[in-house]
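So the structure is just underneath, and the comments pick up after that.
Just so you know, all these numbers are worked out from the coordinates, no wet-lab data involved. Please read all numbers here as calculations on a predicted model, not as lab measurements. Every residue, glycine among them, receives a Cβ derived from its backbone with ideal geometry; neighbour counts consider all protein chains shown.
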Amino acid sequence: MKAIFYVLALLVTGAAAYFSYENLTKFEKEKSEKEKAIATNKVVSGNADKQQIALDEEKVKLEAADKDKADAEASIENLVAKEKTLRRDLGELEGVLEEQKAKFAQLETTRAQLEELLKEAGEQVTLENLPETIKAMEDDKVAKTKKLGELETLVEGGKKAVETNQAEIARLADRSASRDARIRANAMESVVSAVNDDWGFVVIGAGSSTGFTPQTKLLVKRDGRLIAEVKPSSIERSQTIAEIDPETLAPGARIQPGDRVILANPATN
C-alpha cells in the first residue's frame, strides 16, 4: 500500500511538476507575448501620436490651402472684373482712336490746304516759321491797336476841344448879342409923348421891349441940353410912365412933348 501510495505521490508530484513547468512555460510565453504586445502598443501609440501630429499639420496645411484657394478665387474674380473693365476701356480707346484717326486725316487735309494758301501768299511763310510769323503779326496788331487807341484818345480829346470851343463860341456869340443889345440900348433914344405937370410924370414912347426896368434912370434933353431926370414907375411893352425928379429939373425949364429921352447909365459891355 505504501508503495502504491509512494508511486501515486510520485506520479502526483511528477504531474504537478509537469503541469507547473507547463504552466511556467505558458506563463513565460504569455509574458513574452504580453511584453511584445506592450512594446507593439507603445510603437503603435507612438506612431499614432506621430500620425496625429502629422494629421494636425495636414489639417493646418489644409486650412491654409483652403484660405489660399479662397484668396485665389477672389483674385480670379477680381482679375475677371478687371478684364471686363479693360475690355470696355479698350473698346472705348478703340473708338477714340478711330476718332483721332479721322481728326488726323482732317488735319492732314487742312495742312495741305494751308500749305497751298501759303504758296499762294507769295511770301516766305512755311509751317515751320508760321508760329513766328503769327507772333510777328500779333505784335504788329498789338502795336497798331495801341496806336489806334492813342488816335482815338486824340480824336476824343479833339471832339471835346471842339465841343468846348463850340460852347465858348456860343457863349461869346450870346455875349456879343447881349453886348450889341446893350450897345443898341446905350444908343437908344426915345421921345416924350405926353407930360402931366400937376402929377409930375411924363409918358415916353418906349417900353419893356426897349429894355426899360423900374431901376432904369432916364435923362430928358432938348437941343443937346439936359433938362431933367425921370424914373420909370409903370412900364408897358411900347410905352413907359416915368416920374419927374424935380430936384434935377433945370431952372426955368419944363419938360414938353417931343423932348428926347436917353439912358442915364449906359449898359456895360
Given unit charges at Cβ for Lys, Arg (+) and Asp, Glu (-), the dipole magnitude of the range 188-263 about its Cα centre in debye, nearest 20, is 220 debye
Sorted on mean Cβ neighbours within 10 Å (highest first), peptides 188-198, 58-68 come out as 188-198, 58-68
Residues I262, I204 in order from fewest to most other beta-carbon atoms within 10 Å are I262, I204
Restricting to lysines and to Cα separations under 29 Å from K67, and discarding same-chain partners fewer than 8 apart, the set is K50, K59, K82, K84
Partner aspartates and glutamates whose C-alpha sits under 19 Å from that of K160, ignoring same-chain residues fewer than 8 away, are E150, E152, E168
Dividing the mean separation of Cα pairs under 8 Å (6+ apart) by the residue count of the range 188-263 yields a relative contact order in percent of 39 percent
Of all GluC sites (Glu not before Pro) in the range 203-269, the ones in DSSP coil with at most 15 other Cβ atoms within 10 Å are E236
